[in-house]
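Input: a single structure, listed below in structure tokens.
A short reminder: the numbers here are calculations on the coordinates, not readings from a lab. Here the structure is a predicted model, which is why all the values come from computation and not from measurement. Counting neighbours? That spans all protein chains shown, and the Cβs are built from the backbone with ideal geometry, glycine included.
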Amino acid sequence: MIEFIIGSSLAAAAGLNAWMPLFLLGLADRLLPAFALPAGWSWLSSDVALWVLGALLMLEIVADKIPALDSVNDIIQSVIRPAAGGIAFGAGAGSQTVAMDDPGSFFADGTWVPVVVGVAIALAVHILKASARLAANATTGGIAAPVLSTVEDGASFALAAAAIVVPVLAGILLLGLVIGAVLLLRRLARRRRRSRDAAIEGPVQT
């Protein structure tokens, strides 16, 4: 159960920011004595991987805060975030123990299942995030993009860090993220309905 919570939290974090959980997993493997990535995912803590992940993380943080560019970024990330979620789930949950250079054994042993679950979770979170961002941008003219992006980055960091250090807290944060996202979407939907109704009633009254 705890492995599922860890993997789900990391995958959800990837759905918000593809590189945040991967970068934190690599750092944790390098810096925390009590934390060790499974052998098949140890490449995440290599010097090259950390530099690349760090650069991509900074790029996404900046791009996601610029109105219009954030929507383009979400389209590009539609493939990247689910893939990152699969890696994060597999690495964080510790289920992957077969080296990645042996794909036949990887699928034969069924250890690909956590990766698929991670892809699904990250994709669901990404779709929710992108939908909420589009609605918020349409309502505020893009003004909300930097604020929402900062909140999303903070949530991604909190989920990933908690999954690595305090998995139970990560489960609570994940539940809170789901509830908050649903409430936000409902609020934005009500606002759109009011705006549409006002636009329809306006010409009738005149």
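Annotations for the structure displayed:
- Burial order of peptide ranges 118-125, 163-170, 137-144 (average beta-carbon count within 10 Å, highest first): 118-125, 163-170, 137-144
- Max-minus-min Cα coordinates of the chain on each principal axis give 71, 32, 32 Å, with the largest extent listed first.
- Against the chain, whose longest principal axis comes from its Cα atoms, helix 69-93 is set at around 30 degrees.
- Between 0 and 90 degrees, the angle of helix 2-16 with respect to the longest Cα principal axis of the chain falls at about 50 degrees.
- FRET efficiency, L31 to I2 (Cβ-Cβ, R0 30 Å, nearest 0.05): 0.85
- Spacing of the modelled spin labels on I76 and M58, each 7 Å from Cα toward Cβ, amounts to 1.6 nm.
- Cα centre as origin, Lys/Arg/Asp/Glu Cβ charges: the chain dipole, Debye: 1120 debye
- Relative to the longest principal axis of the Cα atoms of the chain, the long axis of helix 20-31 lies at roughly 30 degrees.
- Residue-wise HN-Hα couplings along segment 131-141, as the Karplus relation 6.51 cos²θ - 1.76 cosθ + 1.60 with θ = phi - 60° gives them from phi, are 5, 5, 5, 4, 5, 5, 5, 5, 7, 9, x Hz; Gly and Pro carry x.
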